[in-house]
Amino acid sequence: MRLAYFLFAVSCVVQAQTTAPLPSSLPTSGTLTQEQIQQLIRAVADKDIENDKKLTNYTYVEHGVEQRLDGKKQVKSIESKTYGVLEISGEQVRRLVAKDDKPLNAKDAAKEEEKIQKIIDKEKNASEDERRKRQERQDKEIEEGHQFEKEVADAYNFTLNGIEKYEGRDTYVIDATPRPGFQPHVKDANLLPKFKFRAWIDKDEMQWSKLDIEAIDTVSFGLFLARIHKGTRIVIEQTRVNEEVWLPKHVELNVDARIALLKEFAENFDFKYSDYKKFRTGVKILPLAQTPSPP
């Protein structure tokens, strides 16, 4: 789904096509040219590509809480799940370890271990042709994502909104608003003018620390079978890990939507990511010494 590419592109911030020099000292007001800001953002995007590569060397814990709301936007149910996450041959694999903050029983835990081991065994026994096709698919997805990022660069006007402290570090604050007259060239890029966002970029390391994305119009998918309403919002935060990489720390998503033009629903999602550890395997998944605690 191209919306996923949009969120990926936003989280990479954006890859722009410009040769404007990056100023050695950025002012604290929006006085830079569009080209200069895009050059800054391109540097951030390049670093985020490296972050994605390094993420494949890490396992981590994902703790997600889902709140379902009623018609008055009051919470009617809450469910939480905790996963151990790793990557196998470029594919992210999640192992459920707890529900509602309670460890799985022995039977369900064994099923999760068996599921992961089957994935690893399948990779170990894959033919060269199967590996080649998988790599081609992954390369195609990456290229499509890059093409979509370029559309993001064309779809928005960027403004430096100042320098703020974020978790004790100086960050550049950049606003992105839809550019009037934008003409999309890739599939689903017509969705871009329906979103705006603000990015906080770490001044010293040129990494994005936080993103705040908001739907400013109704967004339709699948021949109008699903609609996300104006006001839907996602906030993404990153953190510095092992002094070498910036990785997700927190994602908050507030969704107001309709399915098949009939069923309205509103949900809040809150995901926290923790316990990043370097770990690679192509043979066997090691059982957890203990169930990770929710962050």
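The values are calculated or read from the model by the stated rules, or taken from the named source; none is laboratory data. Here the structure is a predicted model, which means the values were calculated and not measured. Please note: Cβ atoms are built from the backbone with ideal geometry, for glycine as well, and neighbour counts cover all protein chains shown.
Kindly establish whether E164 is outside any helix (DSSP H, G or I), of a type in the set (D, E) and within 22 Å of the chain's Cα centre (by Cα). Steps first, please.
Values: outside any helix (DSSP H, G or I): yes; of a type in the set (D, E): yes; within 22 Å of the chain's Cα centre (by Cα): no.
No.
When we screen E143, E167 for residues that are surrounded by fewer than 14 Cβ atoms within 10 Å (Cβ to Cβ) and in contact (Cβ under 8 Å) with a residue 40 or more places away in the chain, the only hit is E167.
Output yes when any residue across the stretch 130-139 is within 19 Å of the chain's Cα centre (by Cα), at pLDDT below 85 and surrounded by 12 or more Cβ atoms within 10 Å (Cβ to Cβ), and no when none is. Yes - at least one qualifying residue is present in the stretch 130-139. Scanning the stretch 149-167 finds one or more residues that are modelled with pLDDT under 85, under 20 Å from Q207 (Cβ atoms) and of a type in the set (D, E).
Of the strands (runs of 3 or more DSSP E) lying entirely inside the stretch 172-284, those carrying at least 1 residues that are surrounded by fewer than 18 Cβ atoms within 10 Å (Cβ to Cβ) and modelled with pLDDT of 90 or more are 195-202, 208-215, 233-241, 245-259, 263-278.
Being β-branched (V, I, T) and in a loop (DSSP other than H, G, I, E, B), is that true of even one residue in the stretch 102-125? Checking the stretch 102-125: not a single residue is β-branched (V, I, T) and in a loop (DSSP other than H, G, I, E, B).
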